[in-house]
Amino acid sequence: RHHVLGLKDWTSEEYNTLLKTASSFREVLSSRTKKVPALQGVVVTNLFFEPSTRTRSSFELAAKRLSADILNFSPGSSSLTKGETILDTAKTYLAMGANLMVIRHKQAGVPQAIAQEMDRLETGVGILNAGDGQHEHPSQGLLDLFTLCCLLDFDNPRLALLRGKKIAIVGDILHSRVARSNLWSLTAAGADVHLVGPPTLVPEWFKGMQNKSHEGQLFLHWALKPALEKADFVMTLRLQKERMTDYLLPSLREYHQQYGITHRRLELCHPEVKILHPGPVNRGVEISSALMDDPNFSLIQQQVTSGIAVRMALLFLIGTSSINN
Ligand code: CP
């Protein structure tokens, strides 16, 4: 694999390679030096055309831990403001020797378009999608997978650990690239995924997202109870107000009353249930503040920490394949 644009077509073997590589980089991160020379001389460019805290900083730290050189780009202070196009921006970094480009954009398909151009020019540059519109956020899906698998077997995280688990994904499914990437990885692992939220944000056409070759099943709900009952994990999602038209936006108080995840609501789930959230969180809307900060249930901080090892694994696996080409 030369680019990571989405998880839709990932094989079990690829997931397991990623999990194993991330696990070995987790050991590097807990060592004294925290660094390996694996990508010395490699240039990684962070092209974030949309805001980010976690993804951008953890890709940057991951590149540094692998001894790569990292170039950061801020659209507001770049020549985009003078009319330079996105493709010309990417080609400018190519001319500076970029080997890997990490791309976030509010428009679905931008990382694919840049990958296509890099391939047409036979550059060997690897593209990593860091979130494109409502399409996919593959590194988030992979870090969520790593977090869950490590919880079940810290020393040997692997896809099969999630077979038969029930995972509820709650909230703004319609606009969530995180939900889409998780849907592919979790059903590939053999977990059953229950999507739940208001009808305007969980449209029926989502049923078509089921990959028939995946062992895990997809279920849709508009009521919280059947989705939460005996769930092993609950993933809450932010209401993405920036992607909503007025008629889709529920009142925040009403939303919390109907779909907000609280300690009380978790009583429906498996007694050892854990909760996830990709961040950033609207405290007190999709999840209560008390639950978010409760280490007995919340994996939110572990997700962020997992992101560094997982992004090191992605940069290493794609970086070494790009460079050898
Ligand atoms: N989860 C996530 O993508 O967070 P950021 O927008 O902060 O990168």
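The ranking of TYR15, TYR259, TYR93 from fewest to most other beta carbons within 10 Å of each one's beta carbon is TYR93, TYR15, TYR259. Cross-link list LYS165/LYS230; LYS207/LYS241; LYS8/LYS207; LYS34/LYS91; LYS34/LYS64; LYS20/LYS166: which exceed 21 angstrom alpha carbon to alpha carbon? Correct reply: LYS207/LYS241; LYS34/LYS91; LYS20/LYS166. Under 5 Å between amide hydrogens, built in the peptide plane, is the criterion, and for PHE73 it picks out ASN46, PHE48 among residues at least 5 positions away or on other chains. Dimensions of the chain from C-alpha coordinates, computed as largest minus smallest value along each principal axis and given longest first, are 54, 46, 37 Å.
Given R0 = 41 Å, the distance between the Cβ atoms of LYS35 and ARG283 translates into a calculated FRET efficiency of 0.75.
For GLU229, no residue whose modelled amide H falls within less than 5 Å of its own remains once neighbours fewer than 5 places apart on the same chain are excluded.
Counting only alpha carbon atoms, the long axis of helix 110-120 and the longest principal axis of the chain meet at about 30°. Phi angles of the stretch 84-90 translate, via the Karplus equation with coefficients 6.51, -1.76, 1.60 and θ = phi - 60°, into HN-Hα couplings of 5, 7, 5, 5, 5, 4, 4 Hz per residue; Gly and Pro are given as x.
Residue by residue, the stretch 220-230 carries 3J(HN,Hα) couplings of 10, 9, 10, 10, 6, 4, x, 6, 7, 3, 6 Hz when phi is fed to the Karplus relation 6.51 cos²θ - 1.76 cosθ + 1.60 (θ = phi - 60°); x denotes Gly or Pro.
Residue-wise HN-Hα couplings along the stretch 37-51, as the Karplus relation 6.51 cos²θ - 1.76 cosθ + 1.60 with θ = phi - 60° gives them from phi, are x, 4, 10, 4, x, 8, 9, 10, 10, 8, 9, 9, 8, 9, x Hz; Gly and Pro carry x. Report the Stokes-Einstein translational diffusion coefficient (µm² s⁻¹, integer) for the stretch 138-303, Rh taken as the Kirkwood radius over Cα pairs, at 25 °C with viscosity 0.890 mPa s. Diffusion coefficient, whole number: 156 µm²/s. Applying 1/(1 + (r/R0)^6) with R0 = 25 Å to the Cβ-Cβ distance of GLU229 and PHE154 gives a FRET efficiency near 0.35. In the chain, the longest principal axis of the Cα atoms and the axis of helix 300-324 are about 30 degrees apart. Going from the residue with the fewest nearby Cβ atoms within 10 Å to the one with the most, ARG26, ARG243 rank ARG243, ARG26. With neighbours defined as other Cβ atoms within 10 Å of a residue's Cβ, the residues LEU195, LEU18 order from fewest to most as LEU18, LEU195.
Taking all C-alpha pairs of the stretch 218-325, those more than 23 Å from each other amount to 41 percent. For ALA130, nonlocal amide neighbours, meaning residues 5 or more places apart or on other chains whose placed amide H falls under 5 Å from its own, are ILE103, ARG104. Placing unit charges on the Cβ atoms of the charged side chains and taking the dipole of the stretch 138-303 about its Cα centre, the candidate lying farthest along the positive direction among ILE261, LEU162, ALA227 is ALA227. Here the peptides 205-216, 113-124, 52-63, 137-148 are ranked by packing, the mean other Cβ count within 10 Å, and the order with the highest first is 137-148, 52-63, 113-124, 205-216.
None of the figures in this text is laboratory data; all of them are computed from the coordinates on show. What you see is a predicted model, and the numbers here were worked out from it, not measured in a lab. Positions of Cβ are backbone-derived with ideal geometry, glycine not excepted, and every protein chain shown enters the neighbour counts.
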